[in-house]
Amino acid sequence: MSERLRHDSAVAPSAHLVRGDDPSLVAQAARSLIARLVGDLDAALVVEEHGGADVIDVGPVIDACTTPPFLADLRVVVVREAGRLGAGDAARIAEAIPNLLPSVHLVLVAGGGTLQSSLTKAVGGAGQVLDAAAGRGRDRGRWFADRLAAASVRLDPGATRLLENHLGEDLGRLQGILDSLAAGYGPGAAVRADDIAPFLGEAGSVPPWELTDALDTGDVAGSLRALHRLLSAGGRSPLAVLGVLHGHFSNMLRLDGAEVVSAEDAAAVIGARSAFVAKKALERASRLGSERIGRAVILLADADLDLKGLTALPAEVVLEILVARLARLSRSSPPSRPSQRSRGRPSGAQRNR
């Protein structure tokens, strides 16, 4: 074993849990951790894999954790898809964690289901829990900036904006793109937006609020871009997207005329946990007004029936028409008063001409 590895093994915890909300980021974090633990040794002699595509047999995992390594002076026991462990098997591993040999590292990689609390507590008490999530808001921005700073290529501001906007929620693709750029242009290369474009592939998904924010500002083009990314890269069904829109405008409908002024009161009316979310809904309801909120609800009801077979239009086209009309409602001039559709509903062809 190298001198560096002997020093790391002496001070580093022996039990490790890698978790997060993106399987790609979890896998990348686990790979980096295992590489650090193995160091200059031969991974084929040091790393012992369990789980993944196979059923997790806990007996060999316990044996590997409690017996000295063979042919090397370090063993790294990796249990993948640890969320598939039942309560009994998880408890057995948790009991073994305080008794790990100094020459053994146990790496639990989340996935496959909800991780048993006994494992989380055991690792938290005797080892380290690594959170691979990128976070939200400013945390996500810092995470992204840190990864770019550590990359072997240097992106100019235009390339950085293009990459961040293109990936959206699919941050698990970031490292692969950075590695491809380094292979294509060489370590230390300065990369511009024109240089990065051929490496991007399909645009990643976006969070639902990107669609609703674009609607609220009357941005028709931006709303349609967000819709397409939710449907394609995001893999959301048309009915799921309609559900997002229904929830967005339903909150406005509940607040319209409710005579609430504070974010806390608004949160109580719509059942929101976040006062920030409630405040945004209250401001949007006030800005849109009763007439346009009512028009939006009618448009949503029409689209729901169309998606369920009332019209022969493809589901994506139904949503494109809906989103474009909803975005137009948020522009400064109020729309004409909606007709009472229930008294005589036009055919799909008439409505979508």
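Each Lys and Arg contributes +1 and each Asp and Glu -1, all at the Cβ; summed about the Cα centre of the range 78-155, the dipole is approximately 380 debye. Estimated from helical segments only, the mean residue ellipticity of the chain at 222 nm is -17000 deg cm²/dmol, where each DSSP H run of four or more residues counts as -39500 (n - 2.57). Annotation: average projected area of the range 232-271 is 3.5 square nanometres, based on the convex hull of Cα atoms across all directions. Between the entries (1) 195; (2) 120; (3) 173, the label attached to volume of the Cα convex hull per residue in Å³ calculated for this structure is (1).
May I ask you to compute the full-extension gain from SER180 to VAL317, defined as 0.36 nm times their residue separation minus their alpha-carbon distance, rounded to one decimal in nm? That pair, SER180 and VAL317, stretches by 45.8 nm at full extension.
For the range 137-199, the fraction of C-alpha pairs more than 14 angstrom apart is 52%.
The calculated pair-distance distribution of the range 3-131 uses every alpha carbon pair, bins of 5 angstrom beginning at 0, and gives 2, 11, 23, 27, 21, 11, 4, 0 percent.
Counting other C-beta atoms within 10 Å, and keeping those with at most 15, which DSSP coil trypsin sites (Lys or Arg not before Pro) do you find in the range 216-286? The qualifying sites are ARG273. Dipole of the chain computed with +1 at Lys/Arg Cβ and -1 at Asp/Glu Cβ about the Cα centre; of ALA90, ALA35, LEU148, farthest Cα towards the positive end is LEU148.
Working note: Cα atoms of the range 266-326, range along each principal axis, descending, whole Å: 41, 24, 15. By other beta-carbon atoms within 10 Å, ranking LEU41, LEU163 with the fewest at the front produces LEU41, LEU163. Normalising the average separation of contacting C-alpha pairs (under 8 angstrom, six or more residues apart) by the number of residues puts the relative contact order of the range 137-199 at 46 percent. Considering only LEU310, LEU227, PRO102, the residue lying farthest towards the positive end of the dipole of the chain is LEU310, judged by Cα position with unit charges set on Cβ. Placing +1 on the Cβ of every Lys and Arg and -1 on the Cβ of every Asp and Glu, with no other charges, gives the chain a dipole of roughly 1740 debye about its Cα centre. Potential lengthening of the chain between ARG147 and ARG287 amounts to 46.5 nm, from the contour at 0.36 nm per residue minus the alpha-carbon distance. For ALA29, what is the net charge nearby, where nearby means another residue's Cβ is under 14 Å from its Cβ and Lys, Arg count +1, Asp, Glu -1? Residues close to ALA29 contribute a combined charge of +1. Between PHE276, GLN116, VAL26, whose Cα lies farthest towards the positive end of the dipole of the chain when Lys and Arg beta carbons carry +1 and Asp and Glu beta carbons carry -1, centred on the Cα centre? Result: PHE276, furthest along the dipole toward the positive end.
Charging the Cβ of each Asp and Glu at -1 and of each Lys and Arg at +1, and nothing else, the dipole of the range 258-297 about its Cα centre rounds to 260 debye.
Close amide H contacts of HIS105 (hydrogens built in the peptide plane, cut-off under 5 Å, sequence separation of 5 or more or a different chain): ARG75, VAL76, VAL77. Our coupling estimate for the range 21-35, obtained by passing each phi through the Karplus curve with A = 6.51, B = -1.76, C = 1.60 and θ = phi - 60°, is 9, 10, x, 5, 5, 4, 5, 5, 5, 5, 4, 5, 4, 4, 4 Hz, Gly and Pro reported as x.
Taken together, the values in this text are just the output of simple stated rules run on the coordinates, not laboratory data. Every value quoted in this text rests on a predicted model; they were computed, and no experiment measured them. Positions of Cβ are backbone-derived with ideal geometry, glycine not excepted, and every protein chain shown enters the neighbour counts.
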